[in-house]
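Before any comments, here is the structure.
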Amino acid sequence: MSDAIGMLAAVILPLWNIPLIIRIQRRKSSQDVSLWWAVGVWGCLVLMLPAGLHSPDAVFRVFTAANFGLFSLVVLQILRYRV
């Protein structure tokens, strides 16, 4: 039961990045999000990616992939309006 709940949370938690992506798109600005923060978090996710994908824990593998993918979209959206 706890594995199923964990898996559900691993999929749902990264989905909270979508409202941020949409907000940046609607406002056509990413000025309220720190570029240093976004790139720092993304860099940490890149460094954690190999360990997360090779983990024997399925919940952690799913969370790692989903979080990396969706947060990468956040960073791309931020960079889109900064560059």
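The values are calculated or read from the model by the stated rules, or taken from the named source; none is laboratory data. Computed from a predicted structure; not experimentally measured. Positions of Cβ are generated from backbone atoms using ideal geometry, with glycine treated the same way; all protein chains shown enter the neighbour counts. What goes into the accessible areas is simple: the full protein's heavy atoms, side chains included, and nothing from ligands, DNA or RNA. Shrake-Rupley method; radii C 1.70, N 1.55, O 1.52, S 1.80 Å.
Does region 6-29 include one or more residues that are assigned to a helix (DSSP H, G or I), touching a Phe, Trp or Tyr at 6+ places or on another chain (Cβ under 7 Å) and without any contact (Cβ under 8 Å) to a residue 40 or more places away in the chain?
no
Looking at region 50-76, which of the residues that are in contact with a Phe, Trp or Tyr (Cβ under 9 Å, 6 or more places away or on another chain) and open to solvent by less than 40 Å² (accessible area, probe 1.4 Å) is farthest from Asp3 (Cα to Cα)?
Result: Val75.
Across region 30-47, what is the number of residues that are open to solvent by 60 Å² or more (accessible area, probe 1.4 Å), out of contact with any helix residue (DSSP H, G or I) (no Cβ under 7 Å at 6 or more places or on another chain) and assigned to a helix (DSSP H, G or I)?
4
Show the residue pairs that are 6+ apart or on different chains and have beta-carbon atoms under 9 Å apart, the first residue being within region 35-53 and in contact (Cβ under 8 Å) with a residue 40 or more places away in the chain and small (Gly, Ala, Ser), the second being surrounded by 14 or more Cβ atoms within 10 Å (Cβ to Cβ) and not in a helix (DSSP H, G or I).
Every condition considered, the pairs that remain are Ala38/Ser30.
What is the number of the single condition among (1) within 30 Å of Asp3 (Cα to Cα); (2) more than 11 Å from the chain's Cα centre (by Cα); (3) surrounded by 12 or more Cβ atoms within 10 Å (Cβ to Cβ) that Gln25 does not meet?
For Gln25, the failing item is (1).
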